[in-house]
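Worksheet: one structure, shown below.
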Amino acid sequence: MALLFSLMLAICTGPGLLESSPSVRLVNGRHHCEGRVEVQRKGQWGTVCDDGWDLKDVAVVCRELGCGAAKGTPSGNIYKPRAEEKQPVLIQDVSCNGMEDTLAQCGQEDDVYNCLHNEDAGASCEIPESVRLVDGPGRCAGRLEVKHQEQWGTICQAGWSLRAAKVVCRQLGCGRAISYHAHCDKASQGQGLIWLSRMFCSGRELTLEACPSKPWEKNNCTHDDDTWVQCEDPFELKLEGGDNHCSGRLVVLHKGEWGSVCDDGWGEKADQVICRQLGCGKSLSPSPRARKRFGSRNGRIWLDDVHCSGREQSLEECQHRFWGYHDCTHKEDVTVICSRQ
C-alpha cells in the first residue's frame, strides 16, 4: 500500500517535484550571512557565476538562509581561500524578482560556459539580531540572550555544552568559543523571561535556532542558571615586511592590536594553513636564512604553541595557548613565504 501511494504521488506531482531543492550556502565570510555563494547539486557543492547577479538575487539568498536584508553583491573572490579549480561553477545568469523563497525558484542557466572562478558571485546580508551576548567586556562575551516573539530572554545552562557555544560564536561572527558557565554575579544575571533550556547542538549548526531544545519557556530554571559565553574576538591576520602580502612576518589582530606568533610548535602544516587562508597558493618552506630577512618586530606576542593538522581553513581553527600567554621573544616570530607572489 505504501509503495502504491508513493507511485500515485509521483504521478500526481510530476517529474522532479519530489526532489529536494538545491541547497545554498555562503562560505569564508566573517559570519554565516556573508561569503562566496555556493549551491548544491546531486550532492556536489559548486559556485555561482556572477553574470547577471544583482541585489535581488542576493535578497533571495539572504531569505533562504534566514539572514537579514541584502547589503551588497561583493565578488566571491574576496573571500579567502578562493574556490579550488576542480570545484565546478554550477549555475549562471540567475534572475530573481527578489520575492522568491529560495534560489532554486529563480530563473537560472545550468549549462555554464565561459565562466571561471574569477567570476564567482558573493553575497552580503545583515545578521538577524536573534542572538546576543550582553553585560560582558565586548560583543563577543557576556550573558547569552535570544529573541523570541520580539522579546529578549536568557538561556538556562542545563544541557549546555562547548559545542553549543561554538554555534553562538560562529553566528555572531566572533572567534572560536573559549568557555561557557553559569554566571554567579547577581549584577550580571538577566531579568524577566528564560526562553530556552536543554539545548543540544552538534557544533556544526549555522545558527542556534537549528539546535534541538525543550519548548520555548518550558523550564524550571532561575536566573542563577543563566548561560555566560566567552568567544575570542573576530580573527584577522596578515604577513608584513615582505615584498607583497604573500610573504613576511605573521601578525594577528586581537583587542584592536596587531601582535606576532611564536614559532614554538609551528611547522609546515601551519604554513599551509596561512597560505591557503590568504589565497596565496602553497607554502615554499624557505630556509631559516630566507625567513630572517623579514626581521623582528616590537610589541605584543599574541600566540604560542600553535598546532595545525593542515586541513584547517583558518589559523583560528588550529590549537594554541590563550591569547598573550607565551614564553618567547621576537627572535622566534613566525614568518611565512607562499608560492603566489
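At-a-glance table
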{"quantity": "Every residue from region 82-122 that is in a helix (DSSP H, G or I) and open to solvent by less than 90 Å² (accessible area, probe 1.4 Å)", "calculated": "103, 104, 117, 119"}
{"quantity": "Test: residue in region 145-158 that is among the polar types (S, T, N, Q), surrounded by fewer than 16 Cβ atoms within 10 Å (Cβ to Cβ) and over 23 Å from residue 36 (Cα atoms)", "calculated": "yes"}
{"quantity": "Single condition residue 186 does not satisfy, out of (1) without any contact (Cβ under 8 Å) to a residue 12 or more places away in the chain; (2) closer than 18 Å to residue 302 by Cα; (3) among the basic types (Lys, Arg)", "calculated": "(2)"}
{"quantity": "Some residue of region 126-140 being in contact with a Cys (Cβ under 6 Å, 6 or more places away or on another chain) and without any contact (Cβ under 8 Å) to a residue 60 or more places away in the chain", "calculated": "no"}
{"quantity": "Single residue of 265, 192 found to be at pLDDT below 90 and either of a type in the set (D, E, K, R) or farther than 30 Å from residue 67 by Cα (or both)", "calculated": "265"}
{"quantity": "Among the residues listed as 64, 38, the single one being in contact with a Leu (Cβ under 7 Å, 6 or more places away or on another chain) and either under 30 Å from residue 245 (Cβ atoms) or crowded, with 18+ Cβ neighbours inside 10 Å (or both)", "calculated": "64"}
{"quantity": "Residue 49 farther than 21 Å from residue 118 by Cβ, surrounded by 15 or more Cβ atoms within 10 Å (Cβ to Cβ) and at pLDDT 75 or above", "calculated": "no"}
{"quantity": "Residue satisfying condition, being in contact with a Pro (Cβ under 7 Å, 6 or more places away or on another chain) and at positive phi, within set 310, 299, 279", "calculated": "279"}
{"quantity": "Which numbered condition residue 94 misses (of (1) within 26 Å of residue 209 (Cα to Cα); (2) in contact with a Phe, Trp or Tyr (Cβ under 8 Å, 6 or more places away or on another chain); (3) of a type in the set (Val, Ile, Thr))", "calculated": "(1)"}
{"quantity": "Members of region 204-230 that are open to solvent by 10 Å² or more (accessible area, probe 1.4 Å) and either under 30 Å from residue 260 (Cβ atoms) or among the small types (Gly, Ala, Ser) (or both)", "calculated": "210, 213, 230"}
{"quantity": "Strands (runs of 3 or more DSSP E) contained entirely in region 191-305, each with at least 3 residues that are within 23 Å of residue 33 (Cα to Cα)", "calculated": "227-231"}
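The values are calculated or read from the model by the stated rules, or taken from the named source; none is laboratory data. Remember, predicted model here, so these are calculated numbers, not experimental data. Neighbour counts are summed over all protein chains in view; Cβ atoms, including those assigned to glycine, are modelled from backbone coordinates with ideal geometry. What goes into the accessible areas is simple: the full protein's heavy atoms, side chains included, and nothing from ligands, DNA or RNA. Shrake-Rupley method; radii C 1.70, N 1.55, O 1.52, S 1.80 Å.
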